[in-house]
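Comments concern the structure below.
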Amino acid sequence: MMQDLIDAAKAARAFAHVPYSKFYVGAAMRDEKGRVHAGANIENAAYPQGWCAECTTIGHLIMAGGTKITEVAVMGNGDALCTPCGGCRQKIREFASDDVKIHCCTEEGKLIRTFTLGELLPSSFGPENLA
Ligand code: THU
């Protein structure tokens, strides 16, 4: 069931705009309706203005009317483990619960390891804190 997510992340990765780092990242997220949204990282000549693949992906999910992230796949360069950065873990947390799976894959789409959001961002601060 996660293969569609991995395929989407791999296809999105090809669109990465990474002239500076050359580090291509692709991400895909499933919403509460089962739909898959994907995105790549987009760097900028003013370096801090670039953003992560997960940010592009969350934007697509929200603008398509999604309200929850139920599953995530991400891949960077080569076979090295590429987990979402700290900031992206928090951004995912806004729309996901601790048990949401995050599949980390090679650039070819082979699964390396699956984490839960709770493992990557324990004891997190989330929307419930402001409810
Ligand atoms: N990057 C992502 O797109 N997602 C992550 O979670 C890790 C880092 C991007 C940002 C930048 O374009 C490049 O990878 C190198 O940091």
- [ ] May I ask you to list the lysines whose Cα is less than 19 Å away from that of Lys68, ignoring any residue fewer than eight positions away on the same chain?
- [x] Lys33, Lys91, Lys101
- [ ] May I ask you to sort Glu94, Glu43 by Cβ crowding, counting other Cβ atoms within 10 Å and putting the fewest first?
- [x] Glu94, Glu43
TODO: Binning at 5 Å from 0, report for the range 53-131 what percent of all alpha-carbon pair distances ends up in each bin.
DONE: 3, 16, 25, 24, 19, 9, 3, 1, 0
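Excluding Glu94 itself, what net charge comes from residues whose Cβ is under 12 Å from its Cβ, given Lys and Arg +1 and Asp and Glu -1? Spell out each step's value before the answer.
On the way: positive: Lys68, Arg89, Lys91, Arg93; negative: Glu54, Glu128.
Overall, the nearby charge balance is +2.
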Task: Computed label-point distance, nm, for sites Ala80 and Ser123 using a 7 Å Cα→Cβ extension - done: 2.9
Open item on the list: Can you tell me the length gained on complete extension of the stretch Glu108 to Asp4, counting 0.36 nm per residue apart and subtracting the Cα distance?
Closed with: 36.1 nm
Open item on the list: Suppose only helical runs count, i.e. DSSP H with n ≥ 4. What mean residue ellipticity at 222 nm does that imply for the chain under -39500 (n - 2.57) per run, divided by all residues and rounded to the nearest 500 deg cm²/dmol?
Closed with: -7000 deg cm²/dmol
Task: Rounded to 5, the percent of DSSP beta bridges in the chain classed as antiparallel - done: 75
Open item on the list: Just want the ordering: Thr56, Thr67, from fewest to most Cβ atoms lying within 10 Å of their own Cβ.
Closed with: Thr67, Thr56
- [ ] Quote the relative contact order of the chain in percent (integer), defining contacts as alpha-carbon pairs under 8 Å separated by 6+ residues.
- [x] 20
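No lab work stands behind these numbers, since they all come straight from the coordinates. Source: prediction; values computed, not measured. Counting neighbours? That spans all protein chains shown, and the Cβs are built from the backbone with ideal geometry, glycine included.
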